[in-house]
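What follows is a set of notes on a single structure, which appears directly below.
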Amino acid sequence: MAANHSPMLASYFITFFIVVPWATALPDEILRQNIGKLLRTDLGSTSIASADYGNLVQETPSAVFYPSTVDEVISLIKLSNNLSTPFSIAARGRGHSVRGQAMAGDGVVVEMTSLAGNGIRVRVSWNPALGFFADVGGEQTWIDVLKTTLEHGLAPVSWTDYLYLTVGGTLSNGGISGQSFLHGPQISNVHELDVITGTGDFMTCSKDMNSELFFAVLGGLGQFGIIARARIRLNKAPSRAKWVRLIYNDFSKFTRDQEYLISSGNINGPDYVEGSLITDNSPPNNWRSSFYSSLNQSKISSLLKSNQGLLYSIEVVKYYDDLTANTIDEVYTHELETMGKDLEFVSGFIFKKDVPVIDFLSRVAIGDNHNSEAHPWLNLFVPKSTILDFNDAVFAHIIRRHNHTTSGPILFYPFNRIKWDDRTSAVIPEEEIFYTLGLLHSCMPDEVEIYEKLNNEILEFCEKSGIKIKQYLPHYKSKEDWVKHFGSKWESFQEMKTKFDPRMILSPGQRIF
C-alpha cells in the first residue's frame, strides 16, 4: 500500500475537485529575492503541482520551488518566516497523495525531486554500533535505494508495495507492506534524520539526539519539518523469493491463518504476508501484480462464482540467497507441506512462483492510464477484536452489495503492534494485533461520488458500531476529527507543532491546523 508520492504528469483539469484557499497570494517582491530564480509561476509548473495521484483535489500554488541544494530549501522557509504574513509551503515528492496532502493553495510547493538533479543521493556505510546503513536523501525513491544497496549485497528490510515513492514521503506517513509484521513499518527502521523545521532550522536528530523532533517527524504528516536525509537500517539482501498464494472461501480461516503466519511461534516463518479480497471487480490479477496464469485465473473465477462473488487470498513469500539456493527447494517444500497441514485454504488452491527478489519487490507498476483516473482510496487500521463484525458488515454486505461499483485491489492483512514505536506520531489501534484495509479504488472522475458514498458507508458503520478504526494516510475535514484521530497523542502533536512550526507554514494540505 502506498504513502505520499507518485509519478503524476497531469496537465488537465478534472470535473470533480475541492478547492480550499490557504495563504494569501505570494508577494511579488519574493520573486526578486536571490532564490527567486528557483521559483516558477508558469501554468505548466503550477498545474502539475495543483493535482496529485488521487485526482480528487485541486489547489493551485502561487509558485513551485525547484531547489538544487538543501540550503535553498532552508532559505525559502526562513523567507516565509520573515514575512508579516507567511506563505504556506508543502514538500512534494512523487505526488502520490490522493487527497491533496502535498499541495499548498496560494503558497509554494517544493519539488523535492529537484534535489536529485546532481545524481542519486544514497550512500552505504557501516559502523560497529549500527552495522550497515544507508544515508538517503529525502527526495530519493525507494527503487533507487534498492538498486543502490543491492550493488553492495544489502537492502532495507521494510518496504512499501510500490517503490516509486520518496523516502521523505513514506517516512512522513509510516511506510507499510507485507514485511511490516516482521520488521515493523519503515518508520521503525530509521536510525537518524536531517530535518529542516518549520522555522528554517537544520537539525540532525535520532532517538538519542533531538529525540522530540525525531519521533514527531516519523509519521508526522510533514507538520514539523521536511526530511532532508534519512539513515536507513540495512541487512544482507536475499537474491530470490519463493512466492506463494493461497485461496480461501472462509473469512475466519483466512484471518486465523494470517495470524498464525505472522506469529513469533511460527519458527522459520515467512518474510512477507499480505491478505486480499477477490471479487468480480477486484480480480486475482490486477495492477498490483500479475501472478496467475490464464488457466489458474479461470480456476479461481469458477470458485468465485460458487462462493457468491467473494474469496480471500493470502500472499506468502520466503526470501533466500545463493548460498541456500541448492537446499531451498527441499527445505521450503518441507515447510510448505508442514504449513499446508496447519493452514486451511481451499484444497488445491495453492499457487507457487520463484522469482528474483528485485522482481518481487518492484512488482507493482502503475501505468499511464492511472493519470486519467480518480483514486478515492480508503485506508484503515482495524482492531483484531472487531474483524469478524467488520467482515460481516463491510466485506459480506457493503462490498458485496457494491460489487458492481468496487474497482481495484482490496487489501486486508495483519500487523504486530510490538513492531511499532509508540513514540512516533503514527496512530494505530490499541491492540496487539490489528489489520490494515486498503480499498484502492480506481474510477473515472465523474464516478467519484459513488465511491465516496461507499467509503462513507464503511466509516459510518464503524462509528455506529463502536469499531475503533484509525485512518492510515488520514483525511479529515475538521479539527475535531483530527483531535479524535490522534487521541492521547493530540496534545503532544500540537505541542510539537508550536515548537517546530509555530507559524504553521508546513503541509497545509493535511488540513490539521
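Values for this structure:
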{"item": "Scan of region 80-111 for residues that are modelled with pLDDT of 95 or more and among the hydrophobic types (A, V, I, L, M, F, W, C), ordered by number", "result": "Phe87, Ile89, Ala90, Ala91, Val98, Ala102, Met103, Ala104, Val108, Val109, Val110"}
{"item": "Residue match in region 237-247 (condition: within 26 Å of Gln471 (Cβ to Cβ), in a loop (DSSP other than H, G, I, E, B) and either in the same structural domain as Leu310 (by TED's automatic domain parsing) or of a type in the set (Gly, Ala, Ser) (or both))", "result": "no"}
{"item": "Of all residues in region 253-312 being exposed (fewer than 15 other Cβ atoms within 10 Å of the Cβ) and aliphatic (A, V, I, L, M), the one that is farthest from Phe351 (Cα to Cα)", "result": "Ile267"}
{"item": "Residue in region 281-299 that is in a strand (DSSP E or B), among the basic types (Lys, Arg) and modelled with pLDDT of 85 or more present", "result": "no"}
{"item": "Entirely in region 42-151, the strands (runs of 3 or more DSSP E) that have 2 or more residues that are touching a residue at least 60 places away in the same chain (Cβ under 8 Å) and of a type in the set (Phe, Trp, Tyr)", "result": "131-137"}
{"item": "Evaluation of Ile35 against (1) modelled with pLDDT under 80; (2) assigned to a helix (DSSP H, G or I) (one fails), failing number", "result": "(1)"}
{"item": "Candidates Tyr435, Tyr451, filtered to the one that is within 25 Å of Ile314 (Cα to Cα), crowded, with 22+ Cβ neighbours inside 10 Å, of a type in the set (Ser, Thr, Tyr) and not assigned by TED's automatic domain parsing to the domain that holds Phe254", "result": "Tyr435"}
{"item": "Residues (in a helix (DSSP H, G or I) and at pLDDT 65 or above) located in region 330-363", "result": "Lys341, Asp342, Val357, Ile358, Asp359, Phe360, Leu361"}
{"item": "Residues of region 411-442 that turn out to be polar (S, T, N, Q) and farther than 18 Å from Leu261 by Cβ, as a count", "result": "3"}
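The values are calculated or read from the model by the stated rules, or taken from the named source; none is laboratory data. Computed from a prediction, not measured in an experiment: that's the story for all the values here. Note: ideal-geometry Cβ built from the backbone for every residue, glycine included; neighbour counts use all protein chains shown.
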